[in-house]
Ligand code: UDP
Ligand code: MG
């Protein structure tokens, strides 16, 4: 097998109504790119896995049981073989047609490109919650991005070494990558309403945990070991 240039990592948990359409849209958006689609099934109890069309360039990692979005993303990033790693939600809320624009930003020299959702297509309650969370998190972790809640991101392979596996990590990818000195940029991306299946989060299981994680990440960034070895003259 030829090593693909780009790995698309898609965490999916009970997304049977979305994966087939997503796969079609990804194939269309990436027709000029050498890529692999890496679905990480996070213990779905519906027909998600059966709905993924198996063919060359499509890989499926299946968790034994539901372990969480961060775990699925971490496992996908670890298993990916591309030089460039793209993260996208499996529920069609992100639009694959934005991916070429993310890749163009990497070409221009960024190490991590984060999408931010221009017109959020979620309930007002979720939008307000997310706005507050993004603002607090961005100040506190100094990640410098306005919407870490947007999964759609592209990074050079090296950036994944900055990530540490903990539940909730997916909200701190920019903070961790920037913490090691990588160049981050942001571009606006489309956002769509969820048409099939349900969100896996609510206020109770997101706000409190994400706040605790924020303190942990801040501590980690303050105490993280960074060193550079002298190169011989
Ligand atoms: N997801 C996952 N494991 C989980 C929760 C979510 O793999 O335990 C996936 C989910 O299938 C989707 C993405 O993570 O592809 C984002 O989840 P969701 O759409 O529920 O989040 P929201 O859009 O509400 O922030
Ligand atoms: Mg969603």
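The values are calculated or read from the model by the stated rules, or taken from the named source; none is laboratory data. From a predicted model like this one, the values you see are computed outputs, not experimental measurements. Every residue, glycine as well, gets a Cβ built from its backbone with ideal geometry; the counts of neighbours run over all protein chains shown.
Which members of the range 163-177 meet the condition of being touching a strand residue (DSSP E or B) at 6+ places or on another chain (Cβ under 9 Å) and surrounded by fewer than 23 Cβ atoms within 10 Å (Cβ to Cβ)? Walk me through it before giving the result.
Restricting attention to the range 163-177, the residues satisfying the condition of being touching a strand residue (DSSP E or B) at 6+ places or on another chain (Cβ under 9 Å) are 170, 173-174, 177.
170, the sole residue that qualifies.
State which residue is nearest to ligand 2 (Cβ to nearest atom) when the search covers only the range 178-199 and only residues that are within 20 Å of residue 74 (Cα to Cα) and crowded, with 16+ Cβ neighbours inside 10 Å.
184
Test residue 61 against the criterion of being modelled with pLDDT of 95 or more and either farther than 19 Å from residue 3 by Cα or in contact with a helix residue (DSSP H, G or I) (Cβ under 8 Å, 6 or more places away or on another chain) (or both), and give yes or no. Spell out the reasoning first.
Values: modelled with pLDDT of 95 or more: yes; either farther than 19 Å from residue 3 by Cα or in contact with a helix residue (DSSP H, G or I) (Cβ under 8 Å, 6 or more places away or on another chain) (or both): yes.
Answer is yes for this residue.
For residue 129, all conditions in the list (1) within 16 Å of ligand 2 (Cβ to nearest atom); (2) under 19 Å from residue 209 (Cβ atoms); (3) without any contact (Cβ under 8 Å) to a residue 40 or more places away in the chain hold save one; what is the number of the exception?
(3)
Of the residues that sit in the range 79-100 and are part of a helix (DSSP H, G or I) and either within 14 Å of ligand 1 (Cβ to nearest atom) or within 13 Å of the chain's Cα centre (by Cα) (or both), which one is farthest from residue 39 (Cα to Cα)? Talk me through it step by step, then tell me what you get.
If we filter the range 79-100 for residues that are part of a helix (DSSP H, G or I), which is where we start, we get 79, 96-100.
Narrowing further to those that are either within 14 Å of ligand 1 (Cβ to nearest atom) or within 13 Å of the chain's Cα centre (by Cα) (or both): 96, 99.
Working: 96: 14, 99: 16 Å.
Among those that are part of a helix (DSSP H, G or I) and either within 14 Å of ligand 1 (Cβ to nearest atom) or within 13 Å of the chain's Cα centre (by Cα) (or both), it is 99.
Output yes when any residue across the range 57-69 is within 19 Å of residue 170 (Cα to Cα), in a helix (DSSP H, G or I) and in contact with a strand residue (DSSP E or B) (Cβ under 9 Å, 6 or more places away or on another chain), and no when none is.
Start the filter on the range 57-69 by keeping residues that are within 19 Å of residue 170 (Cα to Cα), which leaves 61-63, 65-69.
Filter once more, keeping what is in a helix (DSSP H, G or I): 69.
Right, trim to in contact with a strand residue (DSSP E or B) (Cβ under 9 Å, 6 or more places away or on another chain) and you get 69.
Scanning the range 57-69 turns up at least one residue that is within 19 Å of residue 170 (Cα to Cα), in a helix (DSSP H, G or I) and in contact with a strand residue (DSSP E or B) (Cβ under 9 Å, 6 or more places away or on another chain).
Does any residue of the range 113-130 turn out to be away from ligand 1 (no atom under 14 Å from the Cβ), outside any strand (DSSP E or B) and in contact with a helix residue (DSSP H, G or I) (Cβ under 7 Å, 6 or more places away or on another chain)?
No, the range 113-130 has no match at all.
Quick check on the range 100-119. Is at least one of its residues over 24 Å from residue 185 (Cα atoms) and surrounded by 15 or more Cβ atoms within 10 Å (Cβ to Cβ)? Walk me through how you get there before you give the answer.
Let us first name the residues in the range 100-119 that are over 24 Å from residue 185 (Cα atoms), namely none.
So far as the range 100-119 goes, no, none of its residues is over 24 Å from residue 185 (Cα atoms) and surrounded by 15 or more Cβ atoms within 10 Å (Cβ to Cβ).
Name, by its number, the condition in (1) in a loop (DSSP other than H, G, I, E, B); (2) away from ligand 2 (no atom under 15 Å from the Cβ); (3) in contact (Cβ under 8 Å) with a residue 60 or more places away in the chain; (4) within 21 Å of residue 170 (Cβ to Cβ) that does not hold for residue 15.
(2)
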